[in-house]
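Right, one structure below, let's go through it.
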Amino acid sequence: LSQARIAEEALEQNRILQWYEGLNDRLGDTTMFMDDVQDVIDRFGLENLVDCHDAKVFYMREGASDFKKYFAAEDPDAFEEIDGAVFPKCGEPYAGKVWTSKRARERYAQHQRDGTTGKWCTPFVTSSGYGTAHFLQQMHIWNISACVFNLNWGDYVTAGREFRSLEYWWWPDTTFDAQGPVGVVGLPQDQIQHSEEYYLTPVDATDCNLYANPLLPDVDDLGDPIMLLLKKAQIQTIDMSKMLRAVSTGSSVRDTVCEWMKADNYANLPRVLGWVPVQCAAGEQEVAGACEPCAAGSYSSGGFSARGIPFI
């Protein structure tokens with residue numbers, strides 16, 4: 001959810017906006033907590049929304065294909081096939097520009113029959129279809145009344161800052177700090193289902209407790225101390241978020257890290273010292289951060305060691 005006040009207003013209505021139960025339209029109208037989709041579209045102009053058939057919305061095309069695999073019989077109007085390719089079907093009232101969930105289409109049709117106006121769907125704003133490969137299925141499964149449309153990157157960020165809407169974003173990051181983003185409770189991820197492109201559960205429902213570089217290979221045998229330090233470094237996500245926020249508001253990287261080191265009477269210093277690799281001479285090995293003679297019957301060629309493993 002892009003705005004913290006959405007959750008606050010929901011609590012005033014004795015509602016908890018969990019990803020599934022809270023947004024399920026059968027349990028109550030959640031569009032009251034969001035901005036009108038028409039207001040969002042007017043802000044950027046319908047002509048500036050990316051067409052649903054455009055190659056730029058490749059994630060939505062992927063999502064439409066997966067949707068067809070599991071829900072073709074239940075909702076044949078969610079997708080269309082053109083020359084053998086599957087596309088999201090974006091019909092009225094924003095033909096070619098906005099994909100609407102089955103529940104949203106039902107609510108719009110009801111307005112048309114009754115001659116009434118008002119909110120009928122929750123705006124879901126994305127760029128390149130980011131987040132929609134699985135969300136198209138979740139809107140159907142959980143009866144969420146939503147309108148999905150694509151903006152260019154700059155407008156995508158602007159929409160998240162100015163409107164009460166649904167957006168996917170990554171974390172840790174400070175782009176939407178001023179809006180007070182709040183987490184949404186989801187079910188545990190079912191990896192078997194995901195491997196089969198069935199997205200009943202979120203893409204990742206695991207809370208990340210440590211922030212480390214996931215791209216580094218096993219570098220125990222490399223002689224580069226910086227690589228070894230990065231391999232061992234781990235920072236709690238709450239600390240990482242605080243540091244990113246400090247840097248984004250003008251603090252230098254050096255000052256931010258120093259403040260983190262000094263926090264709570266230098267409580268983080270022992271952890272950092274444990275990351276620093278030790279260089280031992282030939283005939284020595286690292287033991288608990290210090291160099292000691294190699295055990296009898298063994299030898300060392302010297303160099304850096306990670307996680308206390310000597311070169312023997």
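The values are calculated or read from the model by the stated rules, or taken from the named source; none is laboratory data. This is a predicted model, so every value here is computed, not measured. Cβ placement follows ideal geometry from the backbone for every residue including glycine, while neighbour counts extend to all protein chains displayed. What goes into the accessible areas is simple: the full protein's heavy atoms, side chains included, and nothing from ligands, DNA or RNA. Shrake-Rupley method; radii C 1.70, N 1.55, O 1.52, S 1.80 Å.
Summary of values
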| read-out | value |
| --- | --- |
| Residue list for the stretch 295-305, filter: at pLDDT 75 or above and either open to solvent by 60 Å² or more (accessible area, probe 1.4 Å) or within 15 Å of Gln279 (Cβ to Cβ) (or both) | Ala296, Gly297 |
| Hits in the stretch 132-157 - residues which are touching a helix residue (DSSP H, G or I) at 6+ places or on another chain (Cβ under 7 Å), open to solvent by 10 Å² or more (accessible area, probe 1.4 Å) and within 13 Å of Val57 (Cβ to Cβ) | Ala133 |
| Some residue of the stretch 129-141 being under 20 Å from Asp25 (Cα atoms), more than 25 Å from the chain's Cα centre (by Cα) and not hydroxyl-bearing (Ser, Thr, Tyr) | no |
| Residue check for Glu81: modelled with pLDDT of 90 or more and either hydroxyl-bearing (Ser, Thr, Tyr) or out of contact with any Cys (no Cβ under 8 Å at 6 or more places or on another chain) (or both) | yes |
| Sole residue being at positive phi, out of contact with any Cys (no Cβ under 7 Å at 6 or more places or on another chain) and buried (at least 20 other Cβ atoms within 10 Å of the Cβ), chosen from Gly129, Gly118, Gly180, Gly160 | Gly129 |
| In the stretch 74-100, the residues that are more than 21 Å from Asp42 (Cβ to Cβ) and either crowded, with 16+ Cβ neighbours inside 10 Å or acidic (Asp, Glu) (or both) | Glu74, Asp75, Asp77, Ala78, Phe79, Glu80, Glu81, Asp83, Val86, Phe87, Pro88, Lys89 |
| Members of the stretch 39-52 that are in a loop (DSSP other than H, G, I, E, B) and surrounded by 16 or more Cβ atoms within 10 Å (Cβ to Cβ) | Leu49, Val50, Cys52 |
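Every residue, every condition in (1) modelled with pLDDT of 75 or more; (2) surrounded by 15 or more Cβ atoms within 10 Å (Cβ to Cβ); (3) among the aliphatic types (A, V, I, L, M), yes or no:
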| position | (1), (2), (3) |
| --- | --- |
| Val184 | no, yes, yes |
| Pro188 | yes, no, no |
| His194 | yes, yes, no |
| Val203 | no, no, yes |
| Leu228 | no, yes, yes |
| Lys242 | yes, yes, no |
| Ser252 | yes, no, no |
